[in-house]
1. Would the stretch 98-108 turn up any residue that is in contact (Cβ under 8 Å) with a residue 60 or more places away in the chain, closer than 19 Å to residue 36 by Cβ, buried (at least 16 other Cβ atoms within 10 Å of the Cβ) and of a type outside the set (A, V, I, L, M)?
2. If you check residue 79 against the conditions, is it in a helix (DSSP H, G or I), touching a Gly at 6+ places or on another chain (Cβ under 8 Å) and touching a residue at least 24 places away in the same chain (Cβ under 8 Å)?
3. Which of (1) over 12 Å from the mean Cα position of the chain (by Cα); (2) surrounded by fewer than 20 Cβ atoms within 10 Å (Cβ to Cβ); (3) outside any helix (DSSP H, G or I) does residue 12 not meet, given it meets every other one?
4. Only one residue in 1, 33 is at pLDDT below 95, assigned to a loop (DSSP other than H, G, I, E, B) and surrounded by 14 or more Cβ atoms within 10 Å (Cβ to Cβ). Which one?
5. Considering the stretch 134-145 alone, what residues qualify as being touching a helix residue (DSSP H, G or I) at 6+ places or on another chain (Cβ under 7 Å) and not in a helix (DSSP H, G or I)?
6. Exactly one of (1) closer than 26 Å to residue 145 by Cβ; (2) in a loop (DSSP other than H, G, I, E, B); (3) touching a residue at least 60 places away in the same chain (Cβ under 8 Å); (4) not hydrophobic (A, V, I, L, M, F, W, C) is unmet by residue 45. Its number?
7. Would you confirm whether or not the stretch 96-113 contains a residue that is among the small types (Gly, Ala, Ser), touching a Cys at 6+ places or on another chain (Cβ under 7 Å), closer than 15 Å to residue 128 by Cα and in a strand (DSSP E or B)?
8. Looking at the structure I just gave you, is residue 82 closer than 25 Å to residue 25 by Cβ, crowded, with 20+ Cβ neighbours inside 10 Å and at pLDDT 90 or above?
Amino acid sequence: MAGNVYRCRVDLTRAQARSILDGAFANAREAHMEPLSVVVLDGGGHVVAVEREDGCAPLRFPVARGKAYAALGNGASSGVVGERNAERPAFLASVAVASGGQFVPVAGGVLILDEQQLVIGAVGVSGASSAEDQRAAQAGIEAAGLTWGLVPE
């Protein structure tokens, strides 16, 4: 992402966050995934909405939040952050410490972009496989009429 300017806004609405939750859960049920926890953060890293399905293990919430926070804090999906830094374990450990343990660089954390491709938040999903978590997050964002991805170059 050399040359990128990370631009972020905080104005993700509660209604948009609720739509993201509903879309992620609908995708998960259609795909017969394990029970999920979904966390939606605004561009400032504040929780706007969070929900867990019945039967979801208790650690899924902090993992989902950590995936969303990793994406938001690094300007890329949480899986990309982990992949880019796989050979840099000291960096990953340092960021985990700097974030107070709220950094999970595993697929399932996805940036939310507005119509100008500005980051307005992130979604984190935990409960199924990492790839399934990521698909549910992306489906939730699309269900809210927003887009997901990396900040464009």
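1. Looking for residues that are in contact (Cβ under 8 Å) with a residue 60 or more places away in the chain, closer than 19 Å to residue 36 by Cβ, buried (at least 16 other Cβ atoms within 10 Å of the Cβ) and of a type outside the set (A, V, I, L, M), one finds none in the stretch 98-108, hence no.
2. Taking the combined requirement at face value, the residue satisfies it.
3. Of the numbered conditions (1) over 12 Å from the mean Cα position of the chain (by Cα); (2) surrounded by fewer than 20 Cβ atoms within 10 Å (Cβ to Cβ); (3) outside any helix (DSSP H, G or I), the odd one out for residue 12 is (2).
4. 1
5. Of everything in the stretch 134-145, just one residue is touching a helix residue (DSSP H, G or I) at 6+ places or on another chain (Cβ under 7 Å) and not in a helix (DSSP H, G or I), namely 144.
6. Only one criterion in (1) closer than 26 Å to residue 145 by Cβ; (2) in a loop (DSSP other than H, G, I, E, B); (3) touching a residue at least 60 places away in the same chain (Cβ under 8 Å); (4) not hydrophobic (A, V, I, L, M, F, W, C) is unmet by residue 45, namely (3).
7. No - not one qualifying residue is present in the stretch 96-113.
8. So residue 82 does not fit the description; no.
The values are calculated or read from the model by the stated rules, or taken from the named source; none is laboratory data. Bear in mind that the values here come from a model prediction, so they are computed numbers and not experimental data. Cβ sites come from the backbone with ideal geometry, for glycine too, and all protein chains shown count toward neighbours.
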